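Visitor: What follows is a single structure, and I will ask about it in a moment.
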Amino acid sequence: MGTYIDFTDLLSCDDYWNYTLAMSNVDFEELDNYNFDGGVTYPYTNRKFVVDGNIIVENPGTILLFEGCQLVFKPNNPPYTITVKADATLQLYPFVDTTDPLNEIRIATHLFSCDDMWGGIINEEDGTIDIIAVSAASLPTKIEDADKAIQSDNGDVNIRFANFNNNFIGIELLNYDKTISNLASDKGFLGITFSCSDSILTKPLHPGEQPFANFNLVDVVNVSIGGFGATPATPITYKNKFADAIFGIRSQSSIAKIFNNEFTNIGIKDVICRLCEGAIFATEGSNLTIGGLLTEIPISETISKTAMLALSPEE
């Protein structure tokens, strides 16, 4: 079986691609295109790319698919980004080949940076991001080292099983409006793990800082974070795990349903500040429906909440 070993913290940018020698020490290659358009699908499968520019996905019907790919973003000022424009789609999937049962290939897609942080994925109005894996054990996409791993302004985002690590902000939604009436749906934000394996961020833009928020909501009209999988009796299926940030979920003038989530190690290190940290924190104008939480951390007192299942710690 093919195995992916994460050695990214041990390498410099020159290891991934040396422009003087026009070679890579670890079998990466230069990305061959940065502008994806024309309403067609651009599939990349089981490839390893050095990204030295801004990637743009545009035009109705254009799909950029990375399936089992590794993308390392080189330093730049401002940091490089992937931008998904209106009616275009970015898909990040694992690659699984079981043709030969004795030599199965299973590779996750992995986006990260070398030396400095990268800018992350920008999803513009009516753009779409799909990050899908079959299960938490089936090679979820990993996004690391970004200023904002995903920033979506009135675009569509579906994430089912993914890992966000060492990002200043994991997911930021602005003006988002998507109703998911069925909590057993496989759409929305499900099975996501947030972490900071370095304890604090180490790369520029944010050296020595804690991650600000795993999930940041700004002027969101409607969003569901978490779900219950097949039935409410099996909630662990799609549990989100928030950790290692000042805020787990931060809401600014937003409306959200938050179900089946776990929060650990949230807050400013060595400081207690109920107005500037929290597992779930809401400013005035937010309305959050909360249920099925696992947390030892107090929830912001400013939340308007509706109990569902068994629930927030102070209930």
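Visitor: Checking the a/c ratio against 1.5 first, then a/b against b/c, what shape does the Cα gyration tensor give for region 1-141?
Guide: Oblate is the answer for region 1-141, as a/c is 1.5 or above yet b/c matches or exceeds a/b.
Visitor: Can I ask one more? Short version: ³J(HN,Hα) in whole Hz for each residue of region 115-121, in order, from phi by Karplus 6.51 cos²θ - 1.76 cosθ + 1.60 (θ = phi - 60°), x for Gly and Pro, what are they?
Guide: The phi angles translate into 6, 10, 6, 9, x, x, 9 Hz.
Visitor: Take the residue pairs 148/257; 178/241; 48/257 and return only those whose Cα atoms are more than 30 Å apart.
Guide: Among 148/257; 178/241; 48/257, the Cα-Cα distance tops 30 Å for 48/257.
Visitor: Additional query: State the antiparallel share, in %, of DSSP beta bridges confined to region 1-141, rounding to the nearest 5.
Guide: 10 percent
Visitor: Between the DSSP loop rule and a limit of at most 15 other Cβ atoms within 10 Å, which GluC sites (Glu not before Pro) in region 65-139 are left?
Guide: For GluC sites (Glu not before Pro) across region 65-139 that sit outside H, G, I, E and B with at most 15 neighbouring Cβ atoms in 10 Å, the list reads 104, 125.
Visitor: If you plug each phi of region 88-99 into the Karplus form 6.51 cos²θ - 1.76 cosθ + 1.60 with θ = phi - 60°, what whole-Hz ³J(HN,Hα) values come out, in order, with x for Gly and Pro?
Guide: Working through the residues one at a time gives 9, 9, 10, 10, 10, 10, x, 10, 10, 10, 10, 4 Hz.
Taken together, the values in this text are just the output of simple stated rules run on the coordinates, not laboratory data. Keep in mind that this is a model prediction, so the values were computed, not measured. Neighbour counts are summed over all protein chains in view; Cβ atoms, including those assigned to glycine, are modelled from backbone coordinates with ideal geometry.
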